[in-house]
């Protein structure tokens with residue numbers, strides 16, 4: 001635990017697992033999973049998402065920010081799991097959050113393989129509410145708190161640099177996607 005870097009800590013329950021227990025549970029599950037459920041008294045209580053620290057740290061900070069917005073809004077149609085702890089050990093990052101029981105959208109199909117209209121409307125309302133979140137003016141693109149952008153668009157799913165403005169990010173995307181239109185010769 002001495003080498004752990006804690007980058008988020010909030011509302012940690014009394015029966016919370018130690019950092020070593022968290023790391024060991026994830027190590028047991030293996031590197032090809034992105035999460036592990038922790039049970040307390042035989043019931044799912046916490047979910048640990050883990051992976052490459054450079055991506056997980058940004059995800060954890062952003063999720064904690066979004067949870068703070070969505071979960072305090074009584075009209076919210078989305079429940080975002082509260083993040084209790086985010087820490088790094090070596091090159092691995094760990095986000096420990098509430099476990100939220102639910103049904104995946106893929107499992108909501110009718111016997112004919114179609115989705116029900118009410119489910120489609122519910123997902124659309126959730127996506128709409130999430131896309132309506134606005135960041136303060138002057139916020140740099142990327143995760144809350146700064147950092148490189150994690151997205152499949154980038155090589156190895158992580159931007160090579162932190163972009164100081166949306167304009168810089170747009171210019172880079174345009175140069176990569178449309179090199180001839182922007183005067184670059186590759």
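Considered as an equivalent ellipsoid built on the Cα gyration tensor, segment 47-108 has semi-axes of 23, 15, 9 Å, the largest given first.
Taking a temperature of 20 °C and a viscosity of 1.002 mPa s, what whole-number D in µm²/s does Stokes-Einstein yield for segment 72-150 with Rh from Kirkwood over alpha carbon pairs? Numbers along the way, then the final one.
On the way: Rh = 16.1 Å.
D = 133 µm²/s.
Quick one: 163, 115, fewest Cβ neighbours within 10 Å first, how do they rank?
Numbers: 163 18, 115 13.
Fewest to most other Cβ atoms nearby, the residues stand as 115, 163.
How high is the relative contact order of the chain, in percent, with contacts defined as C-alpha pairs under 8 Å that are six or more residues apart? If you can, show how the numbers build up before the last one.
Numbers: 246 pairs, mean separation 35.4, N = 186.
Value for the chain: 19 percent.
The sum of -39500 (n - 2.57) across all DSSP H runs of n ≥ 4, divided by the residue count of the chain, sets its helix-only mean residue ellipticity at 222 nm to -9500 deg cm²/dmol.
Please compute the contact order of segment 117-186 in relative form: average sequence separation of alpha-carbon pairs under 8 Å and at least six residues apart, divided by the residue count, as a percent.
Computed over segment 117-186, the figure is 19 percent.
Note: the chain, Cα convex hull, 197 Å³ per residue.
In nm², what is the average projected area of the convex hull enclosing the Cα atoms of segment 1-102? Can you show the working numbers first?
Numbers: hull surface 27.5 nm².
Projected over every direction and averaged, the Cα hull of segment 1-102 covers 6.9 nm².
Normalised by the number of residues in segment 1-102, the average gap of Cα pairs under 8 Å and 6 or more apart makes the relative contact order 35 percent.
Rule-based calculations on the coordinates, nothing more; no lab input. In this text the structure is predicted, and so the values were computed from the model without any measurement. Quick reminder, even Gly has a Cβ in these numbers, built from the backbone with ideal geometry, and neighbours come from all protein chains shown.
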